[in-house]
Amino acid sequence: MYLAFAEGHGHVVECLRDPESLRDPRGNEEGIDGAGLLALGFAHEKIIPGAITACDAQRLRDLLTPITFNMSDPVVSPSSGNVGVGQTRSILFVCMGNICRSPLGKAVFQLMTIQRGVEYKFMVDSCGTGGWHVGEGADPRTLAVAKKYNVPITHRARQLSPLYDAAKFDLILAMDRRNIHDMQQMGLGIADGKVRRLREFDPASLAAFHPHGEDALDVPDPYYGGADGFDLMYHMIRAACDGLLTHLLNPKTDRT
């Protein structure tokens, strides 16, 4: 099972269901990389360059039927001011381990869409750049702060799958600069503007931004701290998600 791009186009044209096709024809037992994919080959198609991780393989195996991603629409970039209803449909929240910040980001944003009656316009997910907690639920402290502020949350951690997620999501929201760096190291391109930090959509964060103090746009990782850090995390995420949803629904009135 693998993804293929039509030569000269930005379309994912096919997803084969046979998991055996993920085996490297060169005998590499640890996985299949871009060269291995090229060895599999198509007569008239170009295989996506880059590494296929075990997480990529599992995510693709989860697809029950062949799929086609329509990537013919212009790339959505919040900074361009043209992200609105009917354009951004899929949003991915990303942190390091996918048990603290990004699950809460997903849950808070989903709740806000329900409260505004627009939940049908968005598909939302979360993941982590690391795989330490794959399959686990959210951190108990995240669950506690979600319960405190009446935010429903159901979660099972997964790792970022660069090829799958880049194709599927219109907007990828990192919690901090390190997340963006890690995504780049994993092979996720960020040049098209679809990768942003979540707090870029919080007007207060933007007001506090300084070129030599970029942490103003980060949501700090509360994992090694106490309950206060999780409470702060919630308020940062809530303010940013409110700005994000307002921007997506009313792009012409937003200045991010």
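The values are calculated or read from the model by the stated rules, or taken from the named source; none is laboratory data. Just so it is clear, the structure is predicted and the values come from calculations on it, not from any experiment. Cβ atoms come from the backbone with ideal geometry, glycine included; neighbour counts cover every protein chain shown. Protein only, heavy atoms only, side chains kept; ligands, DNA and RNA dropped before computing areas. Shrake-Rupley method; radii C 1.70, N 1.55, O 1.52, S 1.80 Å.
If you count only protein heavy atoms and use a 1.4 Å probe, how large is the accessible surface of LYS121, to the nearest 10 Å²?
60
Using the Kirkwood radius built from alpha carbon pairs, what does the Stokes-Einstein equation give as D for the range 134-239 at 25 °C and 0.890 mPa s, in µm² per second? Mind dumping the intermediate values first?
Numbers: Rh = 15.3 Å.
For these conditions, the coefficient is 161 µm²/s.
With every protein chain left in place, what is the accessible area of THR154 in Å² (1.4 Å probe, nearest 10)?
So the heavy atoms of THR154 present about 130 Å² to solvent.
At 1.4 Å probe size, put HIS247, HIS133 in order of accessible surface, largest to smallest. Spell out each step's value before the answer.
Working: HIS247 0, HIS133 35 Å².
Descending order: HIS133, HIS247.
Taking the simple approach of a point 7 Å from Cα along Cα-to-Cβ for both VAL118 and ARG178, what is their distance in nm?
Simple spin-label model gives 3.3 nm for this pair.
Report the local net charge at PHE93: Lys and Arg +1, Asp and Glu -1, summed over other residues whose C-beta lies under 9 Å from its C-beta. Intermediate values should be presented prior to the final figure.
Working: positive: ARG101, LYS106; negative: ASP125.
Within the 9 Å Cβ shell, the charges total +1.
Let me check something: with ligands and nucleic acids excluded, how do TYR224, TYR120, TYR149 order by accessible area (1.4 Å probe), largest to smallest? Could the numbers behind the result be given before it?
Details: TYR224 205, TYR120 160, TYR149 60 Å².
Descending order: TYR224, TYR120, TYR149.
Roughly speaking, to the nearest percent, how much of the range 91-140's 1.4 Å accessible area is carbon and sulfur?
On the range 91-140, the fraction of accessible area on carbon and sulfur atoms equals 56 percent.
Could you please put MET175, MET186, MET236 in sequence from largest to smallest accessible area, using a 1.4 Å probe? Mind dumping the intermediate values first?
Details: MET175 0, MET186 55, MET236 30 Å².
From most accessible down to least: MET186, MET236, MET175.
So what's the net charge close to SER126: Lys and Arg +1, Asp and Glu -1, counting the other residues with Cβ under 12 Å from its Cβ? Please report the intermediate quantities before stating the final value.
Working: positive: ARG101, LYS106, ARG156, ARG158; negative: ASP125, ASP165.
Overall, the nearby charge balance is +2.
Plugging the Kirkwood radius over Cα pairs into Stokes-Einstein for the range 120-169, at a temperature of 37 °C and a viscosity of 0.692 mPa s, what D comes out in µm²/s?
Numbers: Rh = 12.5 Å.
D = 263 µm²/s.
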